[in-house]
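Have a look at the structure below, then the notes.
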Amino acid sequence: MKKKNIVLRPPIKTKYAYEKLRCCKNCHNYTVLMEENCTTCGKPALLPVQELALRAAKRSLSNDLLLTLLLTLIAVAFSPTFQFIAISAVSGAALMALLLFVRRKALPSRTSIELSKMFVRDRDRIANGLVRNLDIAAAQENEARSYELMREVAVIIRNDHIRKLQILLLQSLVLRKDMDLELEPLLLEDFDPELASYIGELAKIKRELIKDRTFQYVIKYEQQITAMKDGDDILAGVAGAAVRMKRYVLAYSGFLARYARKLPKDRFLRLYRIVTENPDLNWGALQAETARIYEEKYQWDADFQQIKPRSNIHDV
């Protein structure tokens, strides 16, 4: 399938996943998509859930004030003497002032409580709304738009089915370094060749996205990746991504020892520098393999002559 050269819009990032949820004031259905009108009732009545929770919290605290005012009026009305009327009025006013002060302090925590109640009360509505969102995303003719919508749903719903759909959509696009791409949120439990190919592409254009969980996934399914048409290139690319940090080289030294020979010169140069300049660390088989590759391919290379080992790496 010919890949399409389409621009991906960056996601709207929020501190918490639930901040993407909106609820329709009219039909009370939920969505994470950024449509202007509710896709269920068609009305422009969508509000963020945190705003609805804030309104509910304010109503609850206002009810407390109204109840205090009512009790104060009842106390005043049934007071037998002017002295009792004054005491009731002053006590009620003091209590209302205290409640107003507490209201400002308690509003954030009361909002969180109302938000939790909303999620419990409307759990089925939220789930149904997210399923509708997923259907809308899958029905898009534009692969990039479909991925963008699915990416929003995936912030709330995390499962391998949605991850696989996202990976398939990404693999239908021409990926570029300037795109806002992700990797670790897309990692699957089981081996998937499309995911392996996607990892291989990122190793070329955005190797900084390849981190611990990805290294662990690749090592776990190394045999299956090797059996792929471009499997060795994928594994070599991942090995090249590992050498950007000494911590990764040390943690995955066994993996690197198996693919160090396939590294391009610039990546092997960095690997050689890390191993050579830290001879006291436990590199395992990687230290000897690095020395062999250096002797066979790079011992006369001027770039390698600038590296001064602290001890004799070639004695290993």
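The values are calculated or read from the model by the stated rules, or taken from the named source; none is laboratory data. As the structure is a prediction and not an experimental result, all values here were calculated from the model. Heads up, the Cβs are rebuilt from the backbone with ideal geometry, glycines too, and the neighbour counts pull from every protein chain shown.
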I'd like to check something: does the range 152-164 contain any residue that is part of a loop (DSSP other than H, G, I, E, B), closer than 20 Å to ARG22 by Cα and either touching a helix residue (DSSP H, G or I) at 6+ places or on another chain (Cβ under 9 Å) or among the hydrophobic types (A, V, I, L, M, F, W, C) (or both)? yes
Residue satisfying condition, being within 24 Å of the chain's Cα centre (by Cα), buried (at least 21 other Cβ atoms within 10 Å of the Cβ) and not small (Gly, Ala, Ser), within set LEU181, LEU209, LEU195, LEU187: LEU195
Please name all residue pairs, on different chains or six or more residues apart, with Cβ atoms under 8 Å, provided the first residue is in the range 259-278 and is farther than 12 Å from TYR294 by Cα and the second residue is modelled with pLDDT under 95 and of a type in the set (Val, Ile, Thr). GLU277/ILE307
Under the condition of being at pLDDT 80 or above and buried (at least 16 other Cβ atoms within 10 Å of the Cβ), which residue from the range 46-65 is farthest from LYS117 (Cα to Cα)? LEU46
Any chance the range 228-248 includes a residue that's surrounded by fewer than 19 Cβ atoms within 10 Å (Cβ to Cβ), modelled with pLDDT under 95 and within 30 Å of ARG125 (Cα to Cα)? no
Scanning the range 113-126 for residues that are surrounded by 13 or more Cβ atoms within 10 Å (Cβ to Cβ) and within 22 Å of the chain's Cα centre (by Cα) gives LEU115, PHE119, ILE126
Candidates ALA144, ALA154 - the one that is out of contact with any Asp or Glu (no Cβ under 7 Å at 6 or more places or on another chain), small (Gly, Ala, Ser) and over 17 Å from LYS4 (Cβ atoms): ALA154
State all residues of the range 6-37 that are of a type outside the set (A, V, I, L, M), over 14 Å from ARG125 (Cα atoms) and assigned to a loop (DSSP other than H, G, I, E, B); if no residue qualifies, say none. ARG9, PRO10, PRO11, LYS13, THR14, LYS15, TYR16, GLU35, GLU36, ASN37
Please identify the pairs in which a residue from the range 281-308 that is within 12 Å of VAL249 (Cβ to Cβ) has its Cβ atom under 6 Å from the Cβ atom of a residue that is part of a loop (DSSP other than H, G, I, E, B) and of a type outside the set (Lys, Arg), counting only partners at least 6 apart or on another chain. GLN287/VAL316
Can you tell me how many residues within the range 1-24 are surrounded by 14 or more Cβ atoms within 10 Å (Cβ to Cβ), farther than 26 Å from GLU143 by Cβ and not hydroxyl-bearing (Ser, Thr, Tyr)? 3
Filter the range 140-151 for residues that are under 18 Å from ILE12 (Cα atoms) and in contact with a helix residue (DSSP H, G or I) (Cβ under 6 Å, 6 or more places away or on another chain) and give the result. SER146, TYR147, LEU149, MET150
